[in-house]
Structures are given as C-alpha cells and as structure tokens.
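Right, one structure below, let's go through it.
The values are calculated or read from the model by the stated rules, or taken from the named source; none is laboratory data. Predicted, not measured: the structure shown is a model, and the values here were computed from it. Don't worry about glycine lacking a Cβ; one is built from the backbone with ideal geometry, like all the others, and counts go over all protein chains shown.
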C-alpha cells in the first residue's frame with residue numbers, strides 16, 4: 001500500500017469536510033499563510049491554562065497540533081532526512097499538521113486561549129531531537145502516537161457537537177500519520193512500552209486495557225503533559241484543572 005497516496009487522500013477528505021462543515025471553502029490557503037511562527041528560546045513564556053471543559057480540551061488539542069506543526073519543518077531543515085521518499089512523507093505530514101492548527105483555530109474562534117506567538121520553543125531541546133534520521137523518525141512516531149492517545153483520552157469528555165466533530169475529523173488522520181512514519185522507521189504498529197521513546201513513571205501507571213497498542217491507547221491529559229515535558233522543547237508551563 002502506498003501510504004503517501006493515502007495521506008494525500010486523507011488530506012483531501014479532511015479539507016472537504018472542513019470546508020463543508022465550517023464554511024471554510026477557499027480560506028485554507030489564507031489561513032495557512034497567515035499562521036504565526038512559534039517563538040524560539042523565549043525567556044519569559046506565558047503559562048498555558050487548560051480547564052476541564054470543552055474549551056480547555058480543544059485548546060489542549062491545539063497545543064499538541066502546534067508542536068507537531070513546528071517539528072516537521074525543523075526536521076526537514078535539519079539535513080538528516082536525505083531520502084526523497086522520507087522527505088515527501090514528512091513534508092506531507094507537516095502540511096497536515098499546519099492545516100489542523102488552522103482548522104482548530106477557526107473552530108475555536110475567540111475561545112482560543114493562546115496564540116501561536118505565545119508558544120515558546122526551547123531551541124536546545126528541539127535540536128536534541130534532530131541529531132539523526134532515526135531520532136527524528138522515532139520522535140515523529142511518539143508525537144503522532146501521543147496525538148492519538150490524547151484525543152482518545154480527552155475526546156469522550158467533549159459535549160459540544162462542533163468540538164466533537166472537529167476532534168473526530170483529526171484523530172483518524174493522526175493514526176495514519178503514525179502508520180506512515182512507522183513504515184519509514186521499520187517499526188511495527190504494536191510494540192512493548194520498553195520500545196517507546198518516552199519513558200515516564202506517570203505513563204506506566206493506570207493507563208487502560210489497550211496499553212501497548214499504538215492506535216488504541218488513551219492517555220489522560222496529565223499523562224500527555226508528562227510526555228510533552230520529556231521532550232524538553234516547550235518553555236511554557238502548563239496548568240489548569242484539565243491537567244491537575
């Protein structure tokens with residue numbers, strides 16, 4: 001199966017659904033071109049507060065999409081990904097993540113709790129993830145898995161039908177991203193926890209019956225924050241009842 005074609009088809013389907021459901025036809029390019037960039041190595045970073053409600057959950061999803069959208073361009077610029085197929089895959093996934101950011105911001109509107117420019121990336125932490133091809137691909141697998149886990153964990157708590165549709169439109173695409181990067185890295189779709197890039201005691205405790213299956217696990221927002229923290233790429237502190 002050509003996963004790159006699958007990714008392109010998913011992108012087209014996602015874009016059509018977005019346009020039809022939220023009236024965004026013809027706005028996608030404008031949204032993407034106007035997306036601000038994350039600030040690198042900002043010394044005073046805004047605290048991000050997510051409370052346990054629909055707005056908090058979807059903003060938390062937005063944060064994860066922002067991190068993914070920042071990672072892929074950096075990976076491509078690192079010079080470590082030289083294979084044309086791998087570059088095409090990562091480029092396609094990066095475009096998807098940027099679209100997810102624009103989409104969630106459009107859905108949230110004034111309920112967005114932070115702007116892209118409020119996010120502060122730690123350049124040293126990011127560069128540590130870009131030291132080799134294998135490091136980049138393994139980080140990408142973990143980021144994509146984390147996105148699926150986060151949507152699976154927090155999604156059932158959503159009550160707003162619009163937000164439920166938004167989350168549901170994205171999570172299946174994230175699962176396919178994970179499959180695509182796993183193919184590049186030569187990793188199976190299911191694997192033991194000891195093979196995961198992230199190692200944190202909080203993630204090993206009280207997960208769920210699907211633990212160890214990449215596409216089915218759910219993490220609580222608190223566990224997701226622990227995983228994000230292990231990357232050491234975000235200077236912003238994260239607070240609020242959602243992650244308490």
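Within the stretch 99-109, one or more residues are closer than 22 Å to residue 217 by Cα, buried (at least 16 other Cβ atoms within 10 Å of the Cβ) and under 16 Å from the mean Cα position of the chain (by Cα).
Considering 181, 243, 228, the condition of being at pLDDT 85 or above and over 30 Å from residue 81 (Cβ atoms) is satisfied by 243 alone.
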